[in-house]
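Notes to accompany the following structure.
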Amino acid sequence: MFKLVQNHKVLYFISLILIVSYSVVDLLKSILMSYIFDDHLLDSISSLIVIVLIFLGVYLIVSTLQQYVIEVLKNKIRYSLNQNLYQSYASRNIESFQKKDSSEILNEFNNEVNVVIDNYVSSKLNVFSLTISLILGSLYIANLSVEILMFLLFCAFITIFINSIFKNHLKKNQMNYLDSMKQWLCSIKNLCRCFSDIKILNLEKVFCDDLDIENKNLEQSTLKNNGFIKILTSINSFISQAMFF
């Protein structure tokens, strides 16, 4: 992660500060809820309305800034990765450059870079955000009930354990997805390059059958990768909801 952000250290540091700020505001939401349900404060509805409006304003500002700055950071990293790629290709000799066809190069610039951004950078930032929330929440809940804190820490351990079990499986699914996308791009490129020959030799059906195979492989690998991520995300969300209640 540090290699990816070495040219954007200030932006990365600001992102971390905003993540911490958002976690603090999110913790304040729980504190505010306890005030709302306090019988002694229910008599002053106007005061509660003012407090809630102020909180919602602060929440909106912090949440918007956090999401925007993180998006800027990811785009800056994407720019740097693309820059490193085309500078690397430009420095190669002709023989080395021609070892890869245009579809493979396109795959590196598009899909592989996006995988790094979406599945690595976003995950690292989410882990940091969850860690900060866990620490702040633990300090707050420890003052209320040690038993509840132990339950929450147990749930957190279960979440980490479940994700660690499927780490290699996720990596395998992502690699299969990249390979399928690469083959699909190659098939489309062949269609464009050989279209006149296909028409002359009446090979439309044969070529479409080949495209169907690659299209099916892409569909299956995409579903296997993204579907499994969604399932794992749902399990994590279920545990987090249990922790919230």
Linear extension gain, Ser196 paired with Lys76, 0.36 nm per residue minus alpha-carbon span: 39.0 nm
Prolate/oblate/rounded label for the range 34-176 (Cα gyration tensor, a/c 1.5): oblate
Residue of Cys155, Cys186, Cys208 that the Gaussian network model of the chain assigns the largest fluctuation, springs spanning Cα pairs under 10 Å: Cys208
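Show me the three semi-axes of the equivalent ellipsoid for the chain, from the C-alpha gyration tensor (sqrt of 5 times each eigenvalue), largest first, rounded to whole Å.
One finds semi-axes of 48, 22, 17 Å for the chain.
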Span-rule helices in the chain, defined as complete DSSP H runs reaching 15 Å or more along the axis (Cα) with Kyte mean at least -0.5: 9-36, 45-90, 122-142, 146-165, 204-244
For the range 213-233 versus the range 106-176, the gap between their alpha-carbon centres in whole angstrom: 21
Listed residue pairs exceeding 28 Å between alpha carbons, taken from Lys171/Lys205; Lys74/Lys182; Lys182/Lys205: Lys171/Lys205
Calculated FRET efficiency for the pair Ser234/Phe55, C-beta based, R₀ 41 Å, to 0.05: 0.90
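Each reported figure results from applying straightforward, stated rules to the coordinates on display, with no laboratory input. Everything numeric here is computed off the predicted structure, so don't read it as measured data. FYI the Cβ positions are ideal-geometry reconstructions off the backbone, even for glycines, and counts take in every protein chain you see.
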